Amino acid sequence: MFDRDVISALNEVIETSRDSEKGFAFAAKASRDPVMIGMFIEAEKSCRDAAAQLQDSVRLIGGHAEDGGSLKAAAHLGWLNLRNALSAQDDRAILEGREKAEDHAKERYAEAMELDLPEGARAVIQRQYQIAVAIHDRIRELRDRSWSGERRQVTVVGLTRDLASTGRVD
């Protein structure tokens, strides 16, 4: 069995992945833009898969794997639900919130990579860190992009959605 710091760090990344999964599900429901909705749904699945892989890694090294997200994230999602119920939904604000959350996720992954992880867990963490960076960069790209009806293409975790200005998937 590996030391408690390693198991604790992996469990923190699991918790962060679960928080991101819930955050992306919320964002997909709150957004009105079909490109964003598709990206959020794909990112939600990616986070769910990441948490499951990390749970397996924790169990393989003899630890107890976390199953849920953090209380802080649950409270934040509750606040977002209330805020959105009381005001018009703003896709840019949704993207900014998800970008901040993914900044946090990248930090958790970076902290875990600094530890002496078992080789299998390290490979999982490194691969997932790259996916988190790609998702973060896509969110930032969408936030910064002009949405003036041009043909847009967004790639997330190797999947491509090509939408015309009508919002239809080709």
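The values are calculated or read from the model by the stated rules, or taken from the named source; none is laboratory data. Worth saying up front: this structure is predicted, and the values here are computed from it rather than measured. Neighbour counts run over all protein chains shown; Cβ positions are idealised from the backbone, glycine included.
Side notes on the structure shown:
- Counting the residues of the range 89-132 that are touching a residue at least 24 places away in the same chain (Cβ under 8 Å) and either in contact with a Pro (Cβ under 6 Å, 6 or more places away or on another chain) or not hydrophobic (A, V, I, L, M, F, W, C) (or both) gives 18.
- In summary, Val154 fulfils each of the numbered conditions (1) at pLDDT 85 or above; (2) in a strand (DSSP E or B); (3) aliphatic (A, V, I, L, M) with the single exception of condition (1).
- If the condition is being part of a helix (DSSP H, G or I) and either loosely packed, with under 14 Cβ neighbours inside 10 Å or more than 12 Å from the chain's Cα centre (by Cα) (or both), then the range 134-148 contributes Asp137, Arg140, Glu141, Leu142, Arg143, Asp144.
- Residues of the range 39-48 that are surrounded by fewer than 19 Cβ atoms within 10 Å (Cβ to Cβ) and farther than 9 Å from Ser17 by Cα: Ile41, Lys45.
- Considering the conditions (1) surrounded by fewer than 17 Cβ atoms within 10 Å (Cβ to Cβ); (2) at pLDDT 90 or above, Ile131 is excluded by exactly one of them, (1).
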